[in-house]
Amino acid sequence: MPPPSGLAILIGAGPATGTGIARILSHPKHGNLAVALLARRQESLESVVSKVRETSPNAVLEVFPTDTSKASLEKTFQAIKSHQTFKDLKLKLAIYSIKHSSKKPFLEETREEFEESLETYVGGAFTFAQESLKRFFEDHGEKGLADGGEKKGTLIFTGTLGALRCSAQFAAYGASRASVRQLAQTLAREMSERGVHVVHTIGNGAIVDEDGEDQGVGKKMSADAVGETYLWLHNQKSCLWTHELDMRPACEKF
């Protein structure tokens, strides 16, 4: 088995989408990347590792329980940097794939709850992006593409349809999702010429960690297909970078 070609950091490593992304990125015939898996619960992370190693027993995976608070994310990025498993590996791909939802009649919602939703999801995206960018430039240098610098890496935000339009009672959810979409857009405009590919995807439809009948007839997305799509985005050359991508199964209405 060849050694990993680089490092990927995935926050939101859960039983569906996160598992598929981790499986594809770490598989030697696909991404061949070492993957740092981040999520709140240790048992959830261990479950992801177990599932991935069913088909890729030699996958290089390490788990880091964390929430999206500034202090916790900064500490986690330092732990990843100093981890012996990732020694001498450069960061190539960072993925913010947090599940976050909030539904409540607007007049029943409090200012404090609304702000907490923004802090958890948008604040987390801010710190995750900032720490990832620092690591990209530390690992690959500061020189921009026009000056002969290399591509530094890919930063992907997994969004939902709520980033574009929202239903009643989803004020906090819509505000959070739309804010991260705009964060991704401004980062793409600032960081592209510096060699960082920034992507915002929209997952429109159910994503499950299986490849069965629902996937065959286009009712649901498979988590592996999302992982393959993210790897494809990461491998794009600088002559053509996708910024926003709408992902949906064939039969999903939109």
- Item | About the Cα centre, charge dipole magnitude for the chain (Lys/Arg +1, Asp/Glu -1 at Cβ), debye | 360 debye
- What is the sum of charges around Arg40, taking Lys and Arg as +1, Asp and Glu as -1, for the other residues whose C-beta is under 12 Å from the C-beta of Arg40? 0
- Item | Spacing of the two label points (7 Å from each Cα toward its C-beta) at Asp211 and Arg165, in nm | 3.4 nm
- Task: Give the share of C-alpha pairs in each 10 angstrom bin for the chain, from 0 to the last occupied bin, in whole percents, shortest bins first.
- Result: 7, 31, 38, 20, 4, 0
- Could I have the simple spin-label model distance between Leu107 and Leu245, label points 7 Å from Cα toward Cβ, reported in nm to one decimal? 4.4 nm
- Query: Expressed as a whole number of Å, what is the distance separating the alpha-carbon centroids of the range 107-148 and the range 67-86?
  - Reply: 14 Å
- Message: Rounded to the nearest 5, what % of DSSP beta bridges with both residues in the range 7-247 are antiparallel?
- Response: 0 percent
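Laboratory data are not the source of any read-out in this text; all were calculated from the coordinates shown. Since this is a predicted model, take the numbers as computed values, not measurements. As a convention, Cβ positions derive from the backbone with ideal geometry for all residues, glycine included, and neighbour counts pool all protein chains shown.
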